[in-house]
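The values are calculated or read from the model by the stated rules, or taken from the named source; none is laboratory data. Everything numeric in this text was worked out from a predicted model, so none of it was measured. Using ideal geometry, Cβ is built from the backbone for each residue, glycine included, and neighbour counts are taken over all protein chains shown. With ligands, DNA and RNA removed, areas are computed over all heavy atoms of the protein, side chains included. Shrake-Rupley method; radii C 1.70, N 1.55, O 1.52, S 1.80 Å.
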Amino acid sequence: MPACSDALKSAFFCSSCDNGIIHIRIPISVGPNGLTVVCGHYGTGKTNFAINYAINAARSGKKVTLVDMDIVNPYFTSSEYAEILEKEGVKVISPSFATTNLDIPALPASMYSIFDTDDEVILDAGGDNVGATVLGRFSRKIIERGYEMLYVTNMYRPMTSDPEDSVMILKEIENACGLKATAVVNNSHLKELTVPSTITDSLQYAKEVSRSAGIPLVFSTVPRRIAGELPADECFYPLDIHVRTVWEKGEPIW
Amino acid sequence: MPEKILMKGNEALAEAAIMAGCRHFFGYPITPQTEVAMHMSKRMPKVGGVYLQAESEVAAINMVLGASAAGARAMTSSSSPGISLKSEGLSYIAGSDVPAVIVNVQRAGPGLGGIQPSQADYWQATRASGHGDYKMLVLAPSTVQEMIDLVADAFALGDKYRMPVMILSDGLLGQMMEPVVIDEKKVDIPEKPWALSGHENKRKHNVVNSLYIEPPDLEAILKARYEKYDLIKKEEQRCEEYMTDDAEIVVVAYGASARISRSAVDAARKEGIKAGLIRPITLWPYPEKAVVSRMGTAKAFLCVEMSMGQMVDDVRLIVGGKRDVRFFGRTGGMVPTPAEVLREIKNIKGGI
């Protein structure tokens, strides 16, 4: 199993590396002034992960900018969660017409500010190679600045349920954006039907993706409500669920 | 692949069509429907099928007419403005008595409207999807799992009645993800002795056509077709009822609006209000029998839609002025919230 870079190790407060799997105490984010690209097949949960990641980084005292780079699919993007993010002190850069009725794929000029800031920067890429193509325009500057690229995968999505298929999608993404993934995030889940075994059943899959892609598995995510029920010898990143439909939001309505 | 998987509504529509034996898909991209075509483009080559991106929606629907006339299970999908473009072909399909499955992942209209979800194509789907005297079967799923089931039903019903079947979805259902179980069933595609599949000099050639030179001939064909529609009205009405047994306020909603309304009904029940939900699954034929049967306990009906009020017409026609029929809707890409629907239920409760 490939090992994590020093940057990732320090970012995630790895306590030890056992068989190449990193053990994490408190998930925060990639090191000072880091730039993290979050990519993956569409529907794997990139956006929900990116939102958690940004909020955790902000809560740890960092200045954080989250860029919604999904200009391919205008539904369930991180721009819709700008209010939650901004409340947490995260600066959000959204596509020019995000959350509107227009389908005009344009990034704002403020996008370039990420190359001129000390903020921790998180780029939430669009799905697949099509969504990642947008990154290509910035790849030279991203490489100059230095980056980590987390590849989010979910065993319960039909197009990535086989490790080989998942790695194929990763390769397509890398070819489209000109950047290389540096770690895998196992985000295998079944939305509200996720139970501890949903995640433990996916660990072998996640390790195969990591091995076959030649990059480390940084951790598996777990909904916070069941975080305590998972084995202690693996690394898990607890998530709050932000991306939901209107009837799932569960706010008291009376 | 694990037993349970997470699927996006649009992917489920595409995958379910493949499972139902569809090997001919003709499409054209439009938000928020594009994943149907995208999924088809990735999957069809793997199952020996054809994914073809046509030069326009008009071309795609006519390719469906051609493939269906040849006996294939064919599908196209689009979103509201694209469905308008397909209307000519839909009429020809109905007039030619060929089956076809058409998906509409509705977005806001009229005109270019917007890309956010909507249910403002109800009239178009149930009344006037094209010119002439005809009907389409219209199925309205409200979960991703149900999309899988209804696509299979759509192909079967289309073949059974030799007519177009529309899956009326919306941007919210198309884009959201839910866990589903894919249950590979054996598909029985019926014989199609009417199809243009080659007579090999063994039988008289078939004709698939919607042009009739003599007016009396066309009138006779239309009358026969309407007898079929009457049979469908009798046999194929479908809906789901939730807490309607003693309901004084019956909410009527389909698709995504039904999901929202169900949450509101739960909330109303917690407050001691006898609310229930009728969720039409077939929009044509409309589940008249269910609405009529609930007139016993119902003091009022409340239609909830993502439109300015379209399906409410059908409920009013059925109720015939004997009960109060109210409407609540958000439109233009806005989605009603459970809290808003609950407020409407309480308003009605206050007045009865």
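Summary table below
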item	result
Residue within the range A:147-160 that is surrounded by fewer than 22 Cβ atoms within 10 Å (Cβ to Cβ), within 14 Å of chain B (Cβ to nearest Cβ) and of a type in the set (S, T, N, Q) present	no
Any hit, the range B:315-326, residues being away from chain A (no Cβ under 14 Å), free of Cβ contacts under 8 Å to residues at least 24 places away in the same chain and of a type in the set (A, V, I, L, M, F, W, C)	yes
Checklist (1) of a type in the set (D, E, K, R); (2) more than 24 Å from residue B:117 (Cβ to Cβ); (3) assigned to a strand (DSSP E or B) applied to residue B:279, failing item	(2)
Strands (runs of 3 or more DSSP E) contained in the range B:131-183 and holding at least 1 residues surrounded by 23 or more Cβ atoms within 10 Å (Cβ to Cβ) and acidic (Asp, Glu)	B:164-170
Counted residues, the range B:113-149 - those being within 17 Å of residue B:252 (Cα to Cα) and basic (Lys, Arg)	0
Cβ-Cβ under 8 Å pairs, at least 6 apart or on other chains, the range B:225-254 side over 30 Å from residue B:349 (Cβ atoms), far side of a type in the set (A, V, I, L, M)	B:228/B:163; B:232/B:137; B:236/B:137; B:236/B:157
Breaking point among (1) basic (Lys, Arg); (2) open to solvent by 10 Å² or more (accessible area, probe 1.4 Å); (3) away from chain A (no Cβ under 14 Å), for residue B:86	(2)
Residues of the range B:315-328 classified as surrounded by fewer than 23 Cβ atoms within 10 Å (Cβ to Cβ) and under 22 Å from the mean Cα position of the chain (by Cα), total	5
Those residues of the range B:97-118 which are away from chain A (no Cβ under 14 Å) and either open to solvent by less than 10 Å² (accessible area, probe 1.4 Å) or under 17 Å from the mean Cα position of the chain (by Cα) (or both), in sequence order	B:98, B:99, B:100, B:101, B:102, B:103, B:104
Meets criteria (away from chain A (no Cβ under 14 Å), crowded, with 21+ Cβ neighbours inside 10 Å and not in a loop (DSSP other than H, G, I, E, B)) for residue B:304	no
Residue in the range A:197-217 that is in contact (Cβ under 8 Å) with a residue 40 or more places away in the chain, more than 12 Å from every other protein chain (Cβ to nearest Cβ) and aromatic (Phe, Trp, Tyr) present	no
Every residue from the range B:229-273 that is assigned to a helix (DSSP H, G or I), away from chain A (no Cβ under 14 Å) and open to solvent by 40 Å² or more (accessible area, probe 1.4 Å)	B:230, B:231, B:233, B:234, B:235
Matching residues, the range A:49-64, being buried (at least 23 other Cβ atoms within 10 Å of the Cβ) and either among the β-branched types (Val, Ile, Thr) or part of a loop (DSSP other than H, G, I, E, B) (or both)	A:51, A:64
Positions within the range B:46-60 being in a helix (DSSP H, G or I) and away from every other protein chain (no Cβ under 14 Å), in sequence order	B:57, B:58, B:59, B:60
Subset of the range B:174-197 (residues that are charged (D, E, K, R) and without any contact (Cβ under 8 Å) to a residue 60 or more places away in the chain)	B:183, B:186, B:188, B:191
Residues (in contact with an Asp or Glu (Cβ under 9 Å, 6 or more places away or on another chain) and of a type in the set (Asp, Glu)) located in the range A:201-243	A:208, A:233
Count of residues meeting criterion [in a helix (DSSP H, G or I), within 20 Å of residue A:104 (Cα to Cα) and of a type in the set (Ser, Thr, Tyr)] in the range B:27-42	1
Condition broken by residue B:7, with the remaining ones in (1) away from every other protein chain (no Cβ under 14 Å); (2) open to solvent by less than 10 Å² (accessible area, probe 1.4 Å) satisfied	(1)
Boolean, residue B:73 is open to solvent by 10 Å² or more (accessible area, probe 1.4 Å), modelled with pLDDT of 95 or more and within 14 Å of another protein chain (Cβ to nearest Cβ)	no
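Per-residue answers, yes or no, for (1) among the charged types (D, E, K, R); (2) farther than 29 Å from residue B:178 by Cβ:
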| residue | (1), (2) |
| --- | --- |
| A:116 | yes, yes |
| A:123 | no, no |
| A:142 | no, yes |
| A:147 | no, yes |
| A:174 | yes, yes |
| A:182 | no, yes |
